[in-house]
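Everything on this sheet refers to the single structure shown next.
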There are 2 protein chains.
Amino acid sequence: MSRSGADLALLLLGGFRALVDDAIVELTKRGYEDVRPVHDFTMRAIAAGADNASELGRRLSVSKQAAAKTVAVLEERGYVAREPDPLDVRRKRLEVTALGFEVMRAGEAVFDELRDKWKQKIGTKELERLEADLTALVGPSPVRVDAPGWLAPPSTRRPTG
Amino acid sequence: MSRSGADLALLLLGGFRALVDDAIVELTKRGYEDVRPVHDFTMRAIAAGADNASELGRRLSVSKQAAAKTVAVLEERGYVAREPDPLDVRRKRLEVTALGFEVMRAGEAVFDELRDKWKQKIGTKELERLEADLTALVGPSPVRVDAPGWLAPPSTRRPTG
DNA sequence: TTATGTGGACAACTAGGTTGACGATTGCAG
DNA sequence: CTGCAATCGTCAACCTAGTTGTCCACATAA
């Protein structure tokens with residue numbers, strides 16, 4: 001039963017969703033509500049040196065306005081702080097807070113645990129093989145997360161009628 | 001170098017995006033502009049018996065209004081026809097047109113070709129193994145495509161500054 | 001015949017993006 | 001030192017693809 005290409009695509013999407021949805025749920029259980037990959041990526045970019053909204057936008061391939069909006073929610077949650085830059089009054093310097101780093105660590109941990117579960121299902125060898133294959137196919141790093149308010153809690157987005 | 005769980009998720013997303021983005025581009029080349037997975041899924045649901053907007057919404061787990069909007073664009077493109085239902089004046093019966101089926105076939109073909117390319121990259125055995133593993137992990141059918149205006153032409157959505 | 005339910009449409013709203021414009025400030029050329 | 005161009009952050013308007021709520025016309029079952 002040689003599968004179709006469309007099935008393959010769906011399979012990949014399904015795998016991704018399974019991981020991300022589970023991760024969001026698990027993070028909520030641990031007290032970090034509604035943390036989505038977008039948030040993680042954003043904090044990571046800030047930690048990696050994107051210390052103002054414009055620069056952040058550039059790194060995430062998103063407009064500075066959109067970046068500012070995301071920063072606003074992260075600031076509200078206490079994950080990111082914004083202080084005036086002493087060297088340039090125009091800028092507001094961005095910083096990931098201790099709480100922010102805590103969330104990032106928790107996120108990593110959750111994903112690693114999920115990966116372990118997969119390892120138990122199909123075996124270490126097999127999982128590593130799968131990763132190697134995918135790496136060969138899509139390259140080691142790529143991934144612009146791109147569009148995605150997506151990557152949101154799916155359970156809350158179900159129509160009522 | 002045991003990879004992290006987050007990398008695994010990114011890898012899966014990357015694979016999916018690679019296939020879908022390539023497919024959209026390829027379909028455009030063949031004269032079917034801006035055909036997205038959403039459109040394909042919708043037509044498939046209609047062909048499978050969801051012959052009115054409300055029912056379609058239910059099958060796609062989306063509000064009937066949202067379903068109606070999607071139908072509107074498919075109708076405009078001539079992929080789907082809407083005729084009054086003789087048995088129930090309230091209903092407008094949905095039907096996939098010949099052109100609509102043509103698009104679906106083209107889509108399948110493109111995905112199959114992309115899968116062939118992958119097969120050439122890592123080998124038939126290896127690809128089938130990857131599919132088997134993923135199937136074991138996420139189940140054979142799942143996938144609610146869910147959120148997605150996503151699955152849109154990424155190249156057109158890049159900020160200008 | 002009447003109560004209840006369903007289909008489709010319209011309106012208002014949300015989320016997360018996009019452009020465009022603008023004032024304040026910085027930095028560089030002259 | 002002056003002045004022009006670029007940059008930062010913010011505001012406002014808009015887009016897309018969803019959502020809910022409301023409504024009328026019609027169907028159906030009691």
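Please treat every number below as a calculation from the coordinates, not as lab data. Note that the coordinates shown come from a computational prediction; the quantities given were computed from them, not determined experimentally. A quick note on method: Cβ atoms are made from the backbone with ideal geometry, for glycine too, and the neighbour counts reach across all protein chains shown.
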Segment A:71-129 - Kirkwood radius from inverse mean 1/r over Cα pairs (Å):
14.1 Å
Rounded, prolate or oblate: which one fits segment A:1-81, using the alpha carbon gyration tensor with axes a ≥ b ≥ c (rounded when a/c is under 1.5, else prolate when a/b beats b/c, else oblate)?
oblate
Highest average packing first - A:55-67, B:78-90, Cβ atoms within 10 Å
A:55-67, B:78-90
Normalised Cα Rg of segment A:5-141, dividing by 2.2 N^0.38 Å with N its residue count, works out at 1.24
Which net charge results for the neighbourhood of A:ARG77, defined as the other residues with beta-carbon distances under 15 angstrom from its beta-carbon, given Lys and Arg at +1 and Asp and Glu at -1?
-3
Set the bar at 21 Å for Cα to Cα. Now go through A:LYS29/A:LYS69; A:LYS69/B:LYS64; A:LYS29/A:LYS117 and name every pair that lies beyond it.
A:LYS29/A:LYS69; A:LYS69/B:LYS64
Taking 7 Å along the Cα-to-C-beta vector as the label spot, tell me the A:GLU102-A:THR124 distance in nanometres, rounded to one decimal.
3.3 nm
